[in-house]
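In what follows, a single structure is set out as structure tokens and then discussed.
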Amino acid sequence: MTEAATDALAGAAHEVAVSDLYAMRFDPVSDRRNFVTTHDPDYYRQQAEEAHAAQHDGFSPDLQAEMDKLFWCDALILQFPLWWFGLPAILKGWVDRVFASGGRTYGGGKWYDRGVFAGKRAMCALTIGGPPPIYSEHGLNGPIGAILFPINHGMLYFTGFTVIEPFLVHAPVRIGEEERKRHLERYRERVLGLETAPTIAYPKLADYDERFVLRASAS
């Protein structure tokens with residue numbers, strides 16, 4: 001799927017940057033190696049160190065390179081297999097380390113529709129082991145939208161991205177080569193239409209009161 005998306009976008013004269021986390025041997029563990037600066041050498045508080053690094057260009061070169069990609073891109077695709085109802089550990093670690101606070105990717109009132117990445121689009125493209133019915137509203141595993149909510153809302157929309165409806169491929173190892181080819185063609189069409197692809201509508205900050213509870217709508 002990554003190769004199909006890359007080829008389709010490059011063939012349409014788009015610039016593409018791919019972070020193949022396994023090939024990069026990306027370290028998902030977040031600690032002082034994230035930084036070339038130190039705020040408090042005696043007590044490690046990640047958000048405090050992130051805020052300090054954001055003010056002093058203090059992120060390690062590998063993290064800064066990934067952050068630069070986020071600010072460079074118009075659209076972000078997270079390509080992954082659903083793993084224990086969430087992101088694989090290496091990708092979750094990438095989010096933990098690269099989505100840094102202190103105003104770099106969020107903080108200082110920069111969140112949700114006022115987030116740093118407002119105006120950019122993001123999409124999850126994922127393979128899922130089970131068939132669609134088991135991930136439906138009345139299916140055993142529950143609706144896929146609820147499973148992906150922590151990613152779509154809590155990571156992508158939280159940092160300002162407009163979130164595109166996810167691209168799903170169910171049970172790819174069971175469906176046969178011809179159907180897999182159809183999914184790849186469908187995926188090529190999706191990535192070439194990211195600018196107009198359907199998005200998930202989330203409330204805006206202005207829709208909430210001072211307690212961050214949705215205001216009652218007028219009838």
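The values are calculated or read from the model by the stated rules, or taken from the named source; none is laboratory data. Computed from a predicted model, the values in this text were never measured in an experiment. Counting neighbours? That spans all protein chains shown, and the Cβs are built from the backbone with ideal geometry, glycine included. The area values use the complete protein model at the heavy-atom level, side chains included, leaving out ligands, DNA and RNA. Shrake-Rupley method; radii C 1.70, N 1.55, O 1.52, S 1.80 Å.
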Restricted to the chain, the DSSP antiparallel beta bridge percent, nearest 5, is 30 percent
Here the alpha-carbon Rg of region 92-134 over 2.2 N^0.38 Å rounds to 1.61
With Cα springs under 10 Å, the Gaussian network model of the chain assigns the largest mean-square fluctuation among Ala13, Ala100, Ala51 to Ala13
In cubic angstrom per residue, the convex hull of region 112-219 built on its Cα atoms measures 139 Å³
Note: Glu137 to Ala13 extended length (0.36 nm per residue) minus current alpha-carbon separation gives 40.7 nm
Candidates for Cα Rg over 2.2 N^0.38 Å are [x] 1.32; [y] 1.10; [z] 0.98, and the calculated one carries label [y]
Residues meeting the amide H criterion for Phe35 (H placed from the backbone, H to H distance under 5 Å, 5 or more places apart or on another chain) are Ser60
Under the helix-only model (-39500 (n - 2.57) for each DSSP H run of 4 or more, divided by the residues of the chain), the mean residue ellipticity at 222 nm, to 500 deg cm²/dmol, is -9500 deg cm²/dmol
By accessible area (1.4 Å), largest first, Ile175, Ile147 order as Ile175, Ile147
per DSSP, antiparallel bridges as share of beta bridges in region 56-182, % nearest 5, sits at 15 percent
Given backbone amide H placed at 1.01 Å from N, residues whose amide H is under 5 Å from that of Phe99, ignoring those fewer than 5 places away on the same chain, are none
For region 163-173, in residue order, the Karplus 3J(HN,Hα) values (coefficients 6.51, -1.76, 1.60; θ = phi - 60°; whole Hz; Gly and Pro = x) are 9, 7, 3, x, 9, 10, 10, 8, 6, x, 7
If one builds a Gaussian network model of the chain from Cα atoms under 10 Å apart, the most fluctuating residue listed among Thr159, Thr38, Thr105 is Thr38
So Asp57 and Ala216, fully extended at 0.36 nm per residue minus their Cα-Cα distance, gain in nm 52.9 nm
quick note, region 1-125, DSSP beta bridge pairs, % antiparallel (nearest 5) is 40 percent
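Within a Cβ distance under 13 Å of Val18, other residues only, what is the Lys/Arg minus Asp/Glu net charge?
It works out to a net charge of -4.
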